[in-house]
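Enquirer: Right, I'll just put the structure down here and ask away after.
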Amino acid sequence: MIGWRARLGFLLPPGNPTVEPEMIALAPEGVSVHFHRMAAYGAPGSLQGQDERTRTMIDNIDGSIELLASVEPDVIVVAHTATSYYLGREGEAELLARLEKSTGKRVITAFGAVLRAVERLDVRRLALGAPYSRETTLQGKAHLEAHGLEVVNFANLQGVTNIYDETAERAYRLARMVDREDAEAVFLSGTGMPTLPVLEMLEQDLGKSVISSASAMMWHALCLAGVRQPISGFGRLLTLS
């Protein structure tokens, strides 16, 4: 990797317009970011058929990740939080073990990055907000609780027709809505909802840490790749080593 400090690979769901520009914007100088999309059918980002699309992505993930691994990234991120929710704790662990064996690369999930971020921030009680259906949001709540975290409040964003049409302003309102005094941090789930532009503002307004799937997966991938450079302007997490 002459000339590069690190290479990061992100495996994306089809149609997600958010992850590439967000990860490119966050990447420190000398860190290259690479992307490949998983295979799924149906309307990308729609709440209808979300579980079916997730299942299709999982069924076809081996071929997708093999192509991404060909650019020799230091870390590969499965950049779709709902995949972890759908699989559950054991299923997620089995998937990661299989993908690491087949690629010879370190493979993490967006959700796994959230867990590491929560540990680093030393919080156990979360407020959860997501742009998903209520059913998928409940899966997310259960997955957090299966890892020993307490979800003190949660809500799915109302009026969503397509996750990829959502805005950072709506993400801000969602975080304000789910926050409670006893929440030590707020977690905005979903890589398809733009969150980075409002994380710093939310932390100032709420007086606590606010993380998103996007901020957590970049932070954790950089840490695993040995890049310890603080990134300011996107919440406290990305300033921590």
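The values are calculated or read from the model by the stated rules, or taken from the named source; none is laboratory data. Being a predicted model, the structure only gives us computed values, none of them experimental. Positions of Cβ are generated from backbone atoms using ideal geometry, with glycine treated the same way; all protein chains shown enter the neighbour counts.
Enquirer: Looking at this structure, is GLY207 over 18 Å from the mean Cα position of the chain (by Cα) and either hydroxyl-bearing (Ser, Thr, Tyr) or in the same structural domain as ARG37 (by TED's automatic domain parsing) (or both)?
Expert: In short, no.
Enquirer: Take the residues of the range 77-114 that are β-branched (Val, Ile, Thr) and under 18 Å from the mean Cα position of the chain (by Cα): which is farthest from ALA130 (Cα to Cα)?
Expert: Of everything passing the filter in the range 77-114, VAL107 is farthest from ALA130 (Cα to Cα).
Enquirer: Suppose we filter THR136, THR161 for residues that are surrounded by fewer than 20 Cβ atoms within 10 Å (Cβ to Cβ) and in the same structural domain as PRO197 (by TED's automatic domain parsing); which single one remains?
Expert: Only one candidate qualifies: THR161.
Enquirer: Name every residue in the range 125-143 that is of a type in the set (Val, Ile, Thr) and farther than 14 Å from SER46 by Cα, in order of residue number.
Expert: If the condition is that a residue be of a type in the set (Val, Ile, Thr) and farther than 14 Å from SER46 by Cα, then THR137 is the only one that fits.
Enquirer: Within the range 1-55, restricting attention to residues that are within 16 Å of the chain's Cα centre (by Cα), small (Gly, Ala, Ser) and surrounded by fewer than 21 Cβ atoms within 10 Å (Cβ to Cβ), which residue is farthest from SER232 (Cα to Cα)?
Expert: GLY15
Enquirer: Moving on to the next point. Could you tell me which numbered condition ARG116 fails, if it satisfies all but one of (1) within 28 Å of ASP62 (Cα to Cα); (2) touching a strand residue (DSSP E or B) at 6+ places or on another chain (Cβ under 6 Å)?
Expert: ARG116 satisfies all of (1) within 28 Å of ASP62 (Cα to Cα); (2) touching a strand residue (DSSP E or B) at 6+ places or on another chain (Cβ under 6 Å) except (2).
Enquirer: Among the candidates ILE76, ILE65, ILE58, single out the residue that is in contact with a His (Cβ under 8 Å, 6 or more places away or on another chain) and among the β-branched types (Val, Ile, Thr).
Expert: So the residue among ILE76, ILE65, ILE58 that is in contact with a His (Cβ under 8 Å, 6 or more places away or on another chain) and among the β-branched types (Val, Ile, Thr) is ILE65.
Enquirer: Moving to a separate point now. Any idea which of (1) touching a residue at least 40 places away in the same chain (Cβ under 8 Å); (2) surrounded by 23 or more Cβ atoms within 10 Å (Cβ to Cβ) is the one GLY235 doesn't satisfy?
Expert: (1)
Enquirer: Scan the range 131-147 and give yes if some residue there is without any contact (Cβ under 8 Å) to a residue 60 or more places away in the chain and within 15 Å of SER209 (Cα to Cα), otherwise no.
Expert: Checked the range 131-147: no residue is without any contact (Cβ under 8 Å) to a residue 60 or more places away in the chain and within 15 Å of SER209 (Cα to Cα).
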